[in-house]
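The values are calculated or read from the model by the stated rules, or taken from the named source; none is laboratory data. Since the model is a prediction, treat every value here as computed from it, not as a measurement. Using ideal geometry, Cβ is built from the backbone for each residue, glycine included, and neighbour counts are taken over all protein chains shown.
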Amino acid sequence: MTENAKLSVKRKLLGEVVSDKMDKTITVKVVRHFKHAKYSKYIHESKKYHAHDAENKAKLGDKVTIIESRPYSKSKKWELMAIK
């Protein structure tokens with residue numbers, strides 16, 4: 001098996017930390033922009049994700065990149081990759 005075949009494709013999302021009150025967990029708000037199919041207006045939709053932050057580095061208001069990971073709990077399936 002080649003090295004390229006071993007690599008898995010994991011999704012990356014950019015967002016803003018809206019809560020850092022939990023231990024080793026942050027809540028990240030990700031906003032997506034898309035064009036409405038019928039009305040051709042641009043729509044902004046947001047969704048919150050819980051991400052694992054092992055060292056509690058991210059603080060409220062930070063711009064962060066999160067990546068898909070193994071499930072840490074029922075709602076935590078993302079991991080902090082980088083702080084912008």
Quick test of your reading of the structure: residue 72 fulfils all but one of (1) assigned to a loop (DSSP other than H, G, I, E, B); (2) surrounded by fewer than 16 Cβ atoms within 10 Å (Cβ to Cβ). Name the failing condition by number. (2)
Name the residue, out of 38, 21, 77, that is of a type in the set (D, E, K, R) and either in contact with a Phe, Trp or Tyr (Cβ under 8 Å, 6 or more places away or on another chain) or outside any loop (DSSP other than H, G, I, E, B) (or both). 77
Test result for residue 29, modelled with pLDDT under 95 and among the charged types (D, E, K, R): no
Kindly provide the set of residues from the stretch 30-56 that are touching a Lys or Arg at 6+ places or on another chain (Cβ under 6 Å) and more than 19 Å from residue 72 (Cα to Cα), ordered by number. 30, 42, 45, 46
Answer yes or no as to whether residue 41 is closer than 14 Å to residue 18 by Cβ and not aromatic (Phe, Trp, Tyr). no
